[in-house]
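Below: one structure, written as structure tokens.
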Amino acid sequence: MLSGKRLLISGVANRESIGASVALQASKAGAEVIFAAFPRDLVGAKEVAEECGGSVAVLGVDATSEQEMAELEKEIRRCWGGLDGALHAIAFAPKPALGSILDVPASAVQAAFTTSVWTYAAFGSMLSRLAGTSGASLVGLDFDSTRAWPVYNWMGPCKAALRSLNSYLARDLAPAGIRANLVAAGPLRTRAASGIPGFETLVRSWERQAPLAWDVADAAPVAEAICFLLSDAARAITGEVLNVDGGMHAMATWLGDGSEMAAEPA
Ligand SMILES: NC(=O)c1ccc[n+]([C@@H]2O[C@H](COP(=O)([O-])OP(=O)(O)OC[C@H]3O[C@@H](n4cnc5c(N)ncnc54)[C@H](O)[C@@H]3O)[C@@H](O)[C@H]2O)c1
């Protein structure tokens, strides 16, 4: 599915990272991958790179630094000459921004926004300079930001901004043949998730209400959808948000335990 594609994969901190599942599946599907790892996560990223086989380069980058992003771009150009796709799997919010919406310092919200939203545009800009004449695919990761959750707080508005940004990137990257799409994943037990106070509340909501079974320890369904969006099979799709959440986004909220849905005897 991804044979011959040169893909930049970010957000690999360890084997549980969504980025790790994507890298492993993309490698199996024939892609060549390069990792862009946050410097403090280089060790974990290198372990996953080894599992991918071959000689996968792992480059360190703080994606919020314009200078480091410029160096990353230079290095990719030197190694490969260009890119056919990129996964943006980067998010971070300081503790105060995850614990509350009210009375959160502007500096915490700015840090969350720069890391979780601005960097997606930075990836889009980089791809616009590295894509060849056959275009490229940019994919990012969303969590359903259309509703307020009992937890999540400022990451909610950040993800809503990411959705809006995705539409603008789809508009501005299309002339270069570059597509921009998001996958809105259900809750997965990763390091980023472990930093969300009350994450278990989200997990229980999925257990009760998602129509399809949802395994919080299995990022493979999300990774498969991302590989599809990175592939030419998705060549007519851009500006899309693909929900890979066991169908949770389509359900209304109800207070029962589900037993009231059993069919009434005729
Ligand atoms: N885990 C979930 O339940 C879930 C659900 C929906 C969406 N997502 C999204 O998936 C994406 C990946 O998260 P994950 O759950 O795999 O967790 P993760 O902790 O494994 O990955 C987050 C990554 O962001 C990287 N990162 C943070 N700041 C960075 C910076 N300045 N520069 C470069 N990299 C930086 C970290 O190194 C880490 O690899 C995030 O956008 C997250 O919001 C996660």
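The values are calculated or read from the model by the stated rules, or taken from the named source; none is laboratory data. The structure presented is a predicted model; accordingly, all values stated were derived computationally and were not measured. Here the Cβ positions follow ideal geometry from the backbone for every residue, glycine too, while neighbour counts run over all protein chains shown.
Remarks
- Val43 vs. criteria modelled with pLDDT of 95 or more, closer than 18 Å to Ala23 by Cα, β-branched (Val, Ile, Thr) and surrounded by fewer than 19 Cβ atoms within 10 Å (Cβ to Cβ): yes
- Of all residues in the range 162-209, those satisfying the criterion of being part of a helix (DSSP H, G or I) and closer than 15 Å to Glu16 by Cβ are Arg191, Ala192, Ala193, Ser194, Phe199, Val203.
- Counted as qualifying within the range 28-123 are the strands (runs of 3 or more DSSP E) with 3 or more residues that are of a type outside the set (Val, Ile, Thr), namely 32-37, 85-88.
- Qualifying residue in the range 163-171 (condition: within 15 Å of the ligand (Cβ to nearest atom), in contact (Cβ under 8 Å) with a residue 12 or more places away in the chain and under 17 Å from Phe92 (Cβ atoms)): yes
- All conditions but one from (1) closer than 16 Å to Phe228 by Cα; (2) among the small types (Gly, Ala, Ser); (3) in contact with a strand residue (DSSP E or B) (Cβ under 6 Å, 6 or more places away or on another chain) apply to Ala29; the one that does not is (3).
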